[in-house]
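Undergrad: Mind looking over this structure? Questions follow.
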Amino acid sequence: MRRRRSLVISLFLVAIVSLLTLGAGGGRADGADAGGTVKLLRVIPATACPTCANDKLAVFDIAWEDAATQRLYLADRSNKAIDVIDTRRNIYLKQIQKGLFKGFTGSNNTSGPDGVVVSGHWLFVTDAPSTVWSIDLRTDAVADMLKTDPTSQNRTDELAYDPEDGVILAVNNADAPPFATLIRVNRQTGKFILPIQRITFDFATNGAEQPIWNPSTRRFYVSIPEVNGPGDGSGPNGAIAVIKLNGHVDLLPVDRCQPAGLTLGPRNDMLLGCSETFDRNGNHWDPANPTPDPTPKQVILNARTGDTTNVFGVGGSDEVWFNPGDGRYYTGSRNNPQGPVLGVIDAEDHTLLQVVPTVAPPTGSAHSVAVDPNNNHAIVPLPANNRIDGCANGCFGIYGVPREED
């Protein structure tokens, strides 16, 4: 997801820290687990689908959970496919359009698939070079393809979708300067409608990341890791770009956080997955030359007021996800200073509940997460490793609060 310099982090297990348990709250799924300690419940091997017996899952990007159908979709670069998991039965169903996508080239900037979003029976996927796909989930056939910049060899990275107006916002993070594209979609045919509108982020000096759509404010929001900084990943000041449907851009600033992941929570709160760690003086924390006082954190920012709350104790995140089923945020924190973890945050109290160790073998990292609100299971794709049974070729880790059936 991020375009950043490599971070070499020592791999070791972190003790599972359960700081609080979450009480029942309004708006949660009936019969859902309202609290408790999240654990790894089971894994689904990457070889467990009809067309992937010889596959190895090592490099991938973003996951998306469609709550209506209980299907998880993963941008699988290792196998140039979209992987589909049935999250109700915990079954690896199939791969969509295997071989269509760019795959891993050795550089994130030119690899794909990247972002995935589902709305109804339409699957939208970003890819390299500078490509957006529209796929009909009734047949898994391609409905349309569009180039956000025909001259660029870099990927189109993340995307968000406004289903009411049929508008995609797709982000090209690796171009200089990075830019976003507003693309209208025919909701009956899945075809893209020309012309498209380009929005350039001249102020973004370290790429642009996850966008989301907020139906309450009728705005797109985009993570901007570094604003007017040195451009080397060390700048402490980031922002959230607020984009109207007419292309107008405003900025909500955030300090000592380079936001990558972004998710919409309750009451117009947004969790920003801070991808880099800074100390209390704003100095960038580097594991090769660590500062003595790293303060890993996530930031909760209100879309209407711009007010921020720091959640300390977990950082280095990529994808983040809000689960209305249990009122918790989940973070794919691959570059957490104490080791890679799944972070669990109370969306009501804005407090860290728990960190659950994941993996970061040399071939990849656990940086994606999506949650099924029907059973409160967080699905974390795990690259091939020898630490977790059933994951030698990669797997999908199912994390949640144990129940009798688990």
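The values are calculated or read from the model by the stated rules, or taken from the named source; none is laboratory data. This one's a predicted model, so the numbers in the text were calculated from it and none came from an experiment. Neighbour counts run over all protein chains shown; Cβ positions are idealised from the backbone, glycine included.
Undergrad: If Gly282 satisfies all but one of (1) of a type in the set (Gly, Ala, Ser); (2) out of contact with any strand residue (DSSP E or B) (no Cβ under 8 Å at 6 or more places or on another chain); (3) farther than 30 Å from Leu382 by Cβ, what's the number of the condition it fails?
TA: Evaluating Gly282 over (1) of a type in the set (Gly, Ala, Ser); (2) out of contact with any strand residue (DSSP E or B) (no Cβ under 8 Å at 6 or more places or on another chain); (3) farther than 30 Å from Leu382 by Cβ leaves (2) as the failure.
Undergrad: Can you say whether Asp389 is in contact (Cβ under 8 Å) with a residue 12 or more places away in the chain and surrounded by fewer than 22 Cβ atoms within 10 Å (Cβ to Cβ), as far as the supplied structure shows?
TA: Yes, satisfied.
Undergrad: In the range 203-217, is there at least one residue being surrounded by fewer than 19 Cβ atoms within 10 Å (Cβ to Cβ) and part of a strand (DSSP E or B)?
TA: Yes, some residue in the range 203-217 is surrounded by fewer than 19 Cβ atoms within 10 Å (Cβ to Cβ) and part of a strand (DSSP E or B).
Undergrad: Specify the residue that is farthest from the chain's Cα centre (by Cα); the eligible residues are those in the range 275-313 that are assigned to a loop (DSSP other than H, G, I, E, B) and of a type in the set (Val, Ile, Thr).
TA: Thr291
Undergrad: Give all pairs with beta carbons closer than 9 Å in which a residue from the range 225-243 that is in contact (Cβ under 8 Å) with a residue 12 or more places away in the chain and within 16 Å of Asp286 (Cβ to Cβ) meets a residue that is assigned to a strand (DSSP E or B) and of a type in the set (S, T, N, Q); count only pairs at least 6 apart in sequence or on separate chains.
TA: Glu226/Asn237; Gly229/Asn237
Undergrad: Return a yes/no flag: does the range 28-41 have any residue that is among the aliphatic types (A, V, I, L, M), buried (at least 18 other Cβ atoms within 10 Å of the Cβ), assigned to a loop (DSSP other than H, G, I, E, B) and at pLDDT 95 or above.
TA: Yes; the residues of the range 28-41 include at least one that is among the aliphatic types (A, V, I, L, M), buried (at least 18 other Cβ atoms within 10 Å of the Cβ), assigned to a loop (DSSP other than H, G, I, E, B) and at pLDDT 95 or above.
Undergrad: Taking only the range 206-224 into account, find how many residues are more than 30 Å from Asn281 (Cβ to Cβ) and over 17 Å from the mean Cα position of the chain (by Cα).
TA: 5
Undergrad: Kindly indicate the residue of the range 75-96 that is over 15 Å from Gly115 (Cα atoms) and among the β-branched types (Val, Ile, Thr) and also surrounded by the fewest Cβ atoms within 10 Å (Cβ to Cβ) among those meeting that condition.
TA: Here the residue is Ile91.
Undergrad: Please enumerate the residues belonging to the range 242-256 that are within 18 Å of Phe201 (Cβ to Cβ) and modelled with pLDDT under 95.
TA: Once the filter is applied, which keeps residues that are within 18 Å of Phe201 (Cβ to Cβ) and modelled with pLDDT under 95, the range 242-256 yields nothing.
Each row is one residue, and each column tells you yes or no for (1) surrounded by 22 or more Cβ atoms within 10 Å (Cβ to Cβ); (2) of a type in the set (Asp, Glu).
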| position | (1), (2) |
| --- | --- |
| Leu301 | yes, no |
| Gly315 | yes, no |
| Asp318 | yes, yes |
| Ser333 | yes, no |
| Asn336 | yes, no |
| Val341 | yes, no |
| Glu348 | no, yes |
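Undergrad: With respect to Asp157, determine if the residue is in a loop (DSSP other than H, G, I, E, B) and in contact with a Leu (Cβ under 9 Å, 6 or more places away or on another chain).
TA: When the stated conditions are applied, Asp157 does not pass them.
Table: residues versus (1) free of Cβ contacts under 8 Å to residues at least 12 places away in the same chain; (2) outside any loop (DSSP other than H, G, I, E, B); (3) under 27 Å from Gln70 (Cα atoms).
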position	(1), (2), (3)
Phe101	no, no, yes
Val117	no, yes, yes
Thr126	no, yes, yes
Asp144	no, yes, yes
Asp165	no, no, yes
Thr181	no, yes, no
Gln188	yes, no, yes
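Undergrad: Something else now. One residue is enough: does the range 82-93 have a residue meeting the conditions part of a strand (DSSP E or B), among the charged types (D, E, K, R) and either at pLDDT 95 or above or in contact with a helix residue (DSSP H, G or I) (Cβ under 7 Å, 6 or more places away or on another chain) (or both)?
TA: The answer is yes, given that some residue of the range 82-93 is part of a strand (DSSP E or B), among the charged types (D, E, K, R) and either at pLDDT 95 or above or in contact with a helix residue (DSSP H, G or I) (Cβ under 7 Å, 6 or more places away or on another chain) (or both).
Undergrad: Could you tell me how many of the residues in the range 218-246 are in a loop (DSSP other than H, G, I, E, B) and either surrounded by 23 or more Cβ atoms within 10 Å (Cβ to Cβ) or polar (S, T, N, Q) (or both)?
TA: So the count comes out to 5.
Undergrad: Scanning the range 323-339 for residues that are within 16 Å of Asp61 (Cα to Cα) and in a loop (DSSP other than H, G, I, E, B), which turns out modelled with the lowest pLDDT?
TA: Asn335
Undergrad: Continuing with this model, one more query. From the list Asp140, Asp127, Asp157, Asp136, exactly one residue is farther than 16 Å from Ala260 by Cβ, surrounded by 17 or more Cβ atoms within 10 Å (Cβ to Cβ) and out of contact with any helix residue (DSSP H, G or I) (no Cβ under 8 Å at 6 or more places or on another chain). Which is it?
TA: Sole residue among the options that is farther than 16 Å from Ala260 by Cβ, surrounded by 17 or more Cβ atoms within 10 Å (Cβ to Cβ) and out of contact with any helix residue (DSSP H, G or I) (no Cβ under 8 Å at 6 or more places or on another chain): Asp127.
Undergrad: Name the residue that is nearest to Lys94 (Cα to Cα), counting only residues in the range 160-173 that are crowded, with 23+ Cβ neighbours inside 10 Å and among the small types (Gly, Ala, Ser).
TA: Ala160
Undergrad: Sort out which residues of the range 247-268 are over 20 Å from Ile168 (Cβ atoms) and not in a strand (DSSP E or B), and write them in order of number.
TA: Arg256, Cys257, Gln258, Gly265, Pro266, Arg267, Asn268
Undergrad: Ok, one more. Quick check on the range 370-385: of everything there that is over 12 Å from Gly400 (Cβ atoms) and hydrophobic (A, V, I, L, M, F, W, C), which residue is farthest from the chain's Cα centre (by Cα)?
TA: Ala384
Undergrad: I've got another one for you. Of (1) within 20 Å of Asp175 (Cβ to Cβ); (2) out of contact with any Asp or Glu (no Cβ under 6 Å at 6 or more places or on another chain), Gly112 satisfies all except one. Which?
TA: (2)
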